[in-house]
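Notes follow the structure.
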Amino acid sequence: MTAKIIEGKNISERVRKEWKQRATSLKQQGVLPGLAVIIVGDNPASKVYVRNKAKACQEVGLHSEIHEMPADTPESTLLQKIQALNEREDIHGILVQLPLPDHIDKDKVLETISVDKDVDGFHLYNVGALVVGNTVFPPCTPFGVQCLLEQMNIPIEGQNAVIVGRSNIVGKPMALMLLQKNATVSICNSKTRDLAQYTSMADILIVATGKPKMITGDMVKSGAAVIDVGINRMDDGRLVGDVDYESVSKVAGHITPVPGGVGPMTITMLVANTVIAAERTL
């Protein structure tokens, strides 16, 4: 068996067209969806992500702003900036690019963002809403994974879904979203004994650990859908995922490449959440 590649780049372009139509409808009603991104410091990877987000907004016809702040910016100054953006009617979504410098309390920053503008889905209100199944803004990466599965017509209901990684950004919200779709969900972590015992039972396997190539072909059920959220730069400059693509692609039914899999969808769902935020103002 050779797995069918889930082309996240192509799917994201198709999905963005749908959200562009909704953004156009908003503009016809006098509302231009607006996203403000704040970046603190000079992290090269963060700068790339921020540029990509601004480019995606431009493609869909959204207004976007990048607010760059030096690494030594006091926490109070950052919070004041967020409060000012909270009060602007032309800004519907606010995103603070992570990671932040060590002297800034990430949780305090995320809680300062208005619930109605939390398009990253990290505010405690939106995280809690995931538990009861009525979140307005799903976190963008899990939202993107769910969209990939749906676009590929991969069934979720009644399937065994295994998530490797329990982060607040991917693992935990992903589990809650799959539960809402009536999957049977297991979450594994670095302390899980005999990891392959779990991964080999998964109809849907989602890996987000930050450990290059940790999932190999002998750990995967034949025909499974494998979603690789990880992206790691090797010493030779290559980008690889948390899944050993070469061996797993010979066993799985579907697989995401790295890069070009989940990454483009994460940015697309940020655009989607921004449009949703604007729609809620009508």
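The values are calculated or read from the model by the stated rules, or taken from the named source; none is laboratory data. If you're wondering where the values come from, they're calculated on a predicted model, not measured in any experiment. Reconstructed Cβ throughout: ideal geometry from the backbone, glycine too, with neighbour counts over all protein chains shown.
Of the conditions (1) in contact with a Gly (Cβ under 9 Å, 6 or more places away or on another chain); (2) assigned by TED's automatic domain parsing to the domain that holds His254; (3) crowded, with 24+ Cβ neighbours inside 10 Å, Val162 clears all except one; give me its number.
Unmet for Val162, out of (1) in contact with a Gly (Cβ under 9 Å, 6 or more places away or on another chain); (2) assigned by TED's automatic domain parsing to the domain that holds His254; (3) crowded, with 24+ Cβ neighbours inside 10 Å: (1).
Do we find a residue being farther than 16 Å from Val119 by Cβ and in contact with a Leu (Cβ under 7 Å, 6 or more places away or on another chain) anywhere in the stretch 140-148?
no
One line per residue, one yes/no per condition, for (1) of a type in the set (Ser, Thr, Tyr); (2) out of contact with any strand residue (DSSP E or B) (no Cβ under 7 Å at 6 or more places or on another chain); (3) not assigned by TED's automatic domain parsing to the domain that holds Gln159:
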| residue | (1), (2), (3) |
| --- | --- |
| Ala225 | no, no, no |
| Arg233 | no, no, no |
| Val240 | no, no, no |
| Gly253 | no, no, no |
| Thr268 | yes, yes, yes |
| Thr274 | yes, no, yes |
| Arg280 | no, yes, yes |
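Regarding Val243, is this residue among the hydrophobic types (A, V, I, L, M, F, W, C), without any contact (Cβ under 8 Å) to a residue 40 or more places away in the chain and surrounded by 24 or more Cβ atoms within 10 Å (Cβ to Cβ)?
Details: among the hydrophobic types (A, V, I, L, M, F, W, C): yes; without any contact (Cβ under 8 Å) to a residue 40 or more places away in the chain: yes; surrounded by 24 or more Cβ atoms within 10 Å (Cβ to Cβ): yes.
So Val243 fits the description; yes.
Is it the case that Ser190 is at negative phi and touching a residue at least 60 places away in the same chain (Cβ under 8 Å)? Let's see the steps before the verdict.
Working: at negative phi: yes; touching a residue at least 60 places away in the same chain (Cβ under 8 Å): no.
Answer is no for this residue.
Just for the stretch 165-214: of the residues that are polar (S, T, N, Q) and part of a loop (DSSP other than H, G, I, E, B), which one is modelled with the lowest pLDDT?
As a first pass, look at the stretch 165-214 and keep what is polar (S, T, N, Q): 167-168, 180, 182, 184, 186, 189-190, 192, 197, 199-200, 209.
If we keep only those that are part of a loop (DSSP other than H, G, I, E, B) as well, we get 167-168, 182, 189-190, 192, 200, 209.
Numbers: Ser167: 93, Asn168: 92, Asn182: 97, Asn189: 90, Ser190: 84, Thr192: 95, Ser200: 98, Thr209: 95.
In this case the residue turns out to be Ser190.
In contact with a Phe, Trp or Tyr (Cβ under 9 Å, 6 or more places away or on another chain) and under 18 Å from Ile6 (Cα atoms): does that describe Phe143?
Numbers: in contact with a Phe, Trp or Tyr (Cβ under 9 Å, 6 or more places away or on another chain): yes; under 18 Å from Ile6 (Cα atoms): yes.
When the stated conditions are applied, Phe143 passes them.
Restricting the stretch 18-49 to residues that are under 17 Å from the mean Cα position of the chain (by Cα) and within 22 Å of Glu89 (Cα to Cα), which is surrounded by the most Cβ atoms within 10 Å (Cβ to Cβ)?
Checked the stretch 18-49; the qualifying residue surrounded by the most Cβ atoms within 10 Å (Cβ to Cβ) is Leu35.
Within the set of pairs 6+ apart or on separate chains, which have a first residue in the stretch 51-65 that is within 14 Å of Thr266 (Cα to Cα) and assigned to a helix (DSSP H, G or I), a second that is acidic (Asp, Glu) and modelled with pLDDT of 90 or more, and C-beta atoms under 9 Å apart?
Ala54/Glu65
Filter the stretch 131-159 down to the residues that are out of contact with any Asp or Glu (no Cβ under 8 Å at 6 or more places or on another chain), surrounded by 20 or more Cβ atoms within 10 Å (Cβ to Cβ) and under 13 Å from Gly121 (Cα atoms) and list them by number.
Within the stretch 131-159, Thr135, Pro138, Thr141, Pro142, Phe143, Gly144 meet the criteria.
Regarding the stretch 130-142, can at least one residue be identified that is without any contact (Cβ under 8 Å) to a residue 40 or more places away in the chain, within 13 Å of the chain's Cα centre (by Cα) and either in a loop (DSSP other than H, G, I, E, B) or over 19 Å from Ile66 (Cα atoms) (or both)?
At the first step, the residues of the stretch 130-142 found to be without any contact (Cβ under 8 Å) to a residue 40 or more places away in the chain are 132, 134-135, 139, 142.
Those left that are additionally within 13 Å of the chain's Cα centre (by Cα): 139, 142.
When the remaining residues are screened for being either in a loop (DSSP other than H, G, I, E, B) or over 19 Å from Ile66 (Cα atoms) (or both), the result is 139, 142.
Checking the stretch 130-142: at least one residue is without any contact (Cβ under 8 Å) to a residue 40 or more places away in the chain, within 13 Å of the chain's Cα centre (by Cα) and either in a loop (DSSP other than H, G, I, E, B) or over 19 Å from Ile66 (Cα atoms) (or both).
Report yes if some residue within the stretch 66-83 is under 18 Å from Ile276 (Cα atoms), assigned to a helix (DSSP H, G or I) and out of contact with any helix residue (DSSP H, G or I) (no Cβ under 7 Å at 6 or more places or on another chain); otherwise report no. Break it down stepwise before answering.
Of all residues in the stretch 66-83, those under 18 Å from Ile276 (Cα atoms) come to none.
Scanning the stretch 66-83, I find no residue that is under 18 Å from Ile276 (Cα atoms), assigned to a helix (DSSP H, G or I) and out of contact with any helix residue (DSSP H, G or I) (no Cβ under 7 Å at 6 or more places or on another chain), so the answer is no.
Does the stretch 114-125 contain any residue that is modelled with pLDDT under 95 and among the aliphatic types (A, V, I, L, M)?
Yes, that holds for at least one residue.
Do you know which of the residues in the stretch 10-56 that are in contact with a helix residue (DSSP H, G or I) (Cβ under 7 Å, 6 or more places away or on another chain), at pLDDT 95 or above and not aliphatic (A, V, I, L, M) is nearest to Asp105 (Cα to Cα)?
It comes out as Pro33.
Among the candidates Lys250, Lys211, single out the residue that is of a type outside the set (A, V, I, L, M) and over 22 Å from Ile154 (Cβ atoms).
Lys211
Has the stretch 19-28 got any residue that is part of a helix (DSSP H, G or I), out of contact with any Asp or Glu (no Cβ under 9 Å at 6 or more places or on another chain) and touching a residue at least 40 places away in the same chain (Cβ under 8 Å)?
The answer is yes; a qualifying residue exists.
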